[in-house]
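Below is one structure, written out as structure tokens; the observations come after it.
The values are calculated or read from the model by the stated rules, or taken from the named source; none is laboratory data. Owing to the predicted nature of the structure, the values given are computational and were not obtained by experimental measurement. Quick reminder, even Gly has a Cβ in these numbers, built from the backbone with ideal geometry, and neighbours come from all protein chains shown.
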Amino acid sequence: MSAIPFIPDNAPFSPEQRNWLNGFLAGVFANVPAVSPAGGPPRSLKIAVLYASQSGTAEGIARKVAKELKAKGHVASLTSLEGYTPATLLTERYAIFIASTYGDGEAPDAVRPFYEQLCLQHFPCCENLSFAVLALGDSNYEHFCKFGIDLDNKLASLAGTRICERVDCDVDLDESFANWKLALFDGVDDIVSGGSVQSASPSSIASRSKTSSGAEQAATPTRDNPYIAQLIEKRPLTSSISSKLTLHVAFDIGGSNVRYEAGDACGVIAQNDRQLVEEILHALNFSSTVSVPLPKGGSTTLLDALLNHFQVTRLTRKMVESYATIGACKPLFTLLAPEQQSNLEKYACDRGLIDLLHDYPGVLRDPADLVAILPRLAPRLYSISSSPSTHAGEIHTTVAVVRYRSHNRERGGVCSTLLADRRGAGESLPVYIQPNKRFRLPTDSNVPIIMIGPGTGVAPFRSFLHERRALGHKGKNWLFFGERSAATDFLYCDELESMHSDGHLTHLDLAFSRDQEHKIYVQDRMREQKQELFRWLQDGASVYVCGDASRMAKDVDTVLHEVVQSQGGLDADAATEYVQHLKDGHRYHRDVY
């Protein structure tokens, strides 16, 4: 058949230029069918591959799908839903969505305008659209894959036709992605061969999925095949009299296949506190050596399962529901009623499995029932605070140690207390890299950057500053950093002040909330510097925000709009458009959690 032209990934164009050119070629050839038997259907399709990504995972998967579609002779365009409009969707005949869920079951920040427009009451029907959705999420969260589910249901309600059934992928997504992809390609093949879309089910062809060879998996460490890295440095960044502990942690990756870029995160495969696990076993009167099944096949001892494979420190609705069902617990069923959601959340807050066992004893009598109700223990992700150019062979992370007392128990973060209390220098932990392609330094080394990172949010900006210095970038650097007190909580104080003194860090604005009667935060420092801040924006600066999503990031975004409005002489709508333009131009980046 005739080749369908497209710009290959290794062509000398930027991603934006390549997408535009592929779109142009797709438009030119859209009405030119490939050679086919007389009267038969065309052998290639024009397919939009659209992704909603917060950290880059969805984008990476979308690239793989688009590449394989092109290899099969289709015209596949790759586009982020950031800036993509539902009006454009109405012009598509075939569309594939790779959709990550973010926050409280929401679309990624930059994708919300697209979805809000799609949900307008009088949005036209999409009866000419054939679509497929792959939803990405984390089952440790209450609203697992909710955005992908909502998007799939919305497109169906607008009269779109599914090419294959949606699949909801957990963080260990390789197998479910492979099954969905087979179902997708079967559906596409059916369309090309002239058949109707049958919404192929991935589960019906799961047996055909293929996994990577051991050699391929070992080449790049992943969550399921991590690199065992030695802990080579652990030191406090806060003083001994601080009200909290923040650690600088360094791992040795010299001689390994671990590679990262400034802006990426380090995934640490955590282990539960053995003392807590033994308390759970005692409460259940279960033997630690009994064999139990693992989530991905195989088996292990119950002790190993509770230490290394299952989450025991948090309660989810699904856990409570399963526990209530096994034990026919009427009080728990009452909490699970829809109108009791707030009371369920109040009960689950700061409680874990041990609390459930004490509050409602005698329910679990089979170790297999125990592991069946527990979510998989998720890795902990920490923004990398080292530079691959400056700190060769090492990964540095900045870890706030979580400790608190709740419901008459001392509690703590699974991984932060592991690093603080249960692992020392010379010991090892499994690690891997979680790329964050949406949080990268500007490709133009002369572009100024504005970094806003209170607390451990400073981590990627330490990486940025060291990387820019090592690579000789000439762009100006401005950091807004905040913490409780300068005397006890000024993270990386010596490094940052040294960089400020020698001019590498052009501006260093500090906000120590408890060093004066009236609390001061990074957003207050932004207001104080509004004229200079807007001048930098006008000069092309990129803005980066890292840290708490629930309050800080929202407050920073509000102040950014205020600065643009007041200093630019704009009304509220024009200021919103200005900030949206920053996002569209990849000049406003957020890594918030």
Can you tell me which residue in region 110-129 is modelled with the highest pLDDT, limited to those that are part of a loop (DSSP other than H, G, I, E, B) and either crowded, with 18+ Cβ neighbours inside 10 Å or touching a strand residue (DSSP E or B) at 6+ places or on another chain (Cβ under 7 Å) (or both)?
Leu129
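Residues are listed down the side, and each one gets a yes or a no for (1) assigned by TED's automatic domain parsing to the domain that holds Leu364; (2) part of a strand (DSSP E or B):
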| residue | (1), (2) |
| --- | --- |
| Ile228 | no, yes |
| Glu233 | no, yes |
| Ser240 | no, no |
| Leu247 | no, yes |
| Gly254 | no, no |
| Arg259 | no, no |
| Cys266 | no, yes |
| Glu278 | yes, no |
| His282 | yes, no |
Please pick out the residue among Ala76, Ala58 that is under 30 Å from Val592 (Cα atoms), of a type in the set (Gly, Ala, Ser), assigned by TED's automatic domain parsing to the domain that holds Ala156 and modelled with pLDDT of 85 or more.
Ala58
Identify the single condition in (1) under 26 Å from the mean Cα position of the chain (by Cα); (2) farther than 24 Å from Arg223 by Cβ; (3) of a type outside the set (S, T, N, Q) that Lys437 does not satisfy, given that it satisfies every other one.
(2)
Kindly state which helices (runs of 4 or more DSSP H) lie completely within region 365-481 and contain at least 2 residues that are in the same structural domain as Arg259 (by TED's automatic domain parsing) and under 27 Å from Gln230 (Cβ atoms).
414-417
Within region 444-466, can you find the residues that are more than 18 Å from His504 (Cα to Cα) and over 18 Å from the mean Cα position of the chain (by Cα)?
Pro454, Gly455
Some residue of region 564-572 being closer than 27 Å to Gly263 by Cα and modelled with pLDDT of 95 or more:
yes
Restricting the search to region 362-387, which residues are closer than 19 Å to Thr222 by Cα, at pLDDT 95 or above and of a type outside the set (Ser, Thr, Tyr)?
Ile384
Can you find, within region 262-282, the residue that is nearest to Ala250 (Cα to Cα) among those that are crowded, with 18+ Cβ neighbours inside 10 Å and acidic (Asp, Glu)?
Asp264
Any chance region 356-363 includes a residue that's β-branched (Val, Ile, Thr) and not in a strand (DSSP E or B)?
yes
Glu427 vs (1) out of contact with any strand residue (DSSP E or B) (no Cβ under 7 Å at 6 or more places or on another chain); (2) loosely packed, with under 15 Cβ neighbours inside 10 Å: all pass except (1)
